[in-house]
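Derivation of every value follows stated rules applied to the coordinates shown; laboratory data play no part. Please read these numbers as outputs of a predicted model, since none were measured by experiment. Every residue, glycine as well, gets a Cβ built from its backbone with ideal geometry; the counts of neighbours run over all protein chains shown.
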Amino acid sequence: MIRSHKNKDGFTVIEVENRQATAKLALQGAHLFHYQKQGEQPLLWCSKLRYFRHGKAIRGGMPICWPWFGKHPDDPALPQHGFARTSLFELVAMSEPDEDTTELVLQLKDSPESLALWPYLFRLRLVVVIGRTLSVALITLNQDQQPFTVSSALHTYFTVDHIDNVKVEGLAGATYLDTLTGKTVQQVGNIAINAEVDRVYHAAPLINLHDGVRTIQVRPEGSGSTVVWNPWQEKAESMADMDDYTTMLCIETANAMQDARLVAPGAEHTLRVELF
Ligand code: TA6
C-alpha cells in the first residue's frame with residue numbers, strides 16, 4: 001500500500017505498508033521519518049516535538065544533509081547541513097515489486113533558490129527500498145559543466161531502548177574528530193554513551209548498534225566517514241523540537257569533512273546505507 005496525505009499546512013507525507021514493514025516519508029527533504037518492521041519497535045526515532053512545517057527539518061528519522069554537512073565551509077549564515085532537507089522533492093517513481101517490497105524514488109533539481117545558495121546544476125535522487133531491510137541511496141548527478149564538491153550525510157536517528165545500555169560496535173581503532181573539543185582521538189573498543197557525543201569518525205565500517213534489547217546493523221556504501229551524535233540532557237533541553245534523548249542515538253552514514261566527494265560534470269556519486 002502506498003498513499004499520501006497533506007496536513008493543514010499542506011505538508012505532504014507518503015505512507016507505505018507491506019508484509020515486512022511500514023514507513024512514512026515527507027516530500028519536504030525526501031525525509032524518511034518512520035520505519036518499523038512488522039511486530040518490532042520502530043527502527044527510526046522521531047521526536048514527539050518535531051515540526052511538520054515547510055522550512056523546518058523534522059527532528060528525527062533520516063534527514064538528508066546535502067550539499068554540505070554541518071556549517072557551510074565559507075558562509076556560516078547559510079543553513080546548517082545544506083538545503084536538501086528543507087526543499088520540496090518530487091515523487092518520480094513508486095513500485096511494489098512484491099508483497100514484501102516497496103520502492104520510492106524522489107528527486108530534487110537545481111532551482112533559482114538552490115542556485116542562490118549553491119551555484120551548480122544538479123539532480124539529486126533518493127531511492128528508498130522498504131522491506132525486510134531498509135535501503136536508502138542518495139544519488140548526486142552533476143549536470144553542470146564544472147566539477148563540484150559535495151559533503152553529505154544520511155543523518156539517521158535510531159531508536160534505542162535506553163542510551164545507558166548502548167554499545168556501538170565496529171569503530172574500534174578508528175580515529176575521530178571530537179567536535180566538542182576539536183581534538184582527534186582514536187576509538188578504543190566499543191562506543192558507550194554517557195554524556196554529549198558529537199564525533200566524526202574517519203571510517204565507515206559495518207556497524208552493530210546494540211541497546212541490550214536488540215541489535216541494529218548499519219551497512220554503509222560510498223562513505224568513508226561516520227558521525228555519532230547524542231545531544232545529552234542540557235543540549236536536548238535547549239532544542240525546542242527535541243524530546244527524550246535517552247531513547248535515541250544518531251549514527252550517520254556520511255561523506256563529511258575530508259571525506260567530501262568531488263563529482264565531475266556528468267558523473268554521479270551514491271551514498272547509501274542499508275539497515276537491518
Ligand atoms: O549530528 C551531527 C550534528 O552536526 C550535530 O553537531 C548536531 O548539530 C546535529 O548534527 C543536529 O543538527 P541539526 O541542524 O539537525 O539540529
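Key figures for this structure:
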| item | result |
| --- | --- |
| Segments classed as strands (runs of 3 or more DSSP E), wholly inside region 231-276, with at least 3 members that are within 15 Å of the ligand (Cβ to nearest atom) and in contact (Cβ under 8 Å) with a residue 12 or more places away in the chain | 248-255 |
| Among residues of region 11-39, those that are charged (D, E, K, R) and over 18 Å from Thr156 (Cα atoms), counted | 3 |
| Residues of region 105-139 satisfying the condition of being farther than 24 Å from Ala77 by Cβ and buried (at least 22 other Cβ atoms within 10 Å of the Cβ) | Leu106, Leu126, Val128, Ile130, Leu134, Val136, Leu138 |
| Strands (runs of 3 or more DSSP E) enclosed by region 167-230 - at least 2 residues per element that are away from the ligand (no atom under 16 Å from the Cβ), more than 19 Å from the chain's Cα centre (by Cα) and surrounded by 14 or more Cβ atoms within 10 Å (Cβ to Cβ) | 167-169 |
| Met94 being touching a His at 6+ places or on another chain (Cβ under 7 Å) and either more than 30 Å from Asp259 (Cα to Cα) or not polar (S, T, N, Q) (or both) | no |
| Test: residue in region 181-190 that is within 30 Å of Gln38 (Cα to Cα), touching a strand residue (DSSP E or B) at 6+ places or on another chain (Cβ under 7 Å) and touching a residue at least 24 places away in the same chain (Cβ under 8 Å) | no |
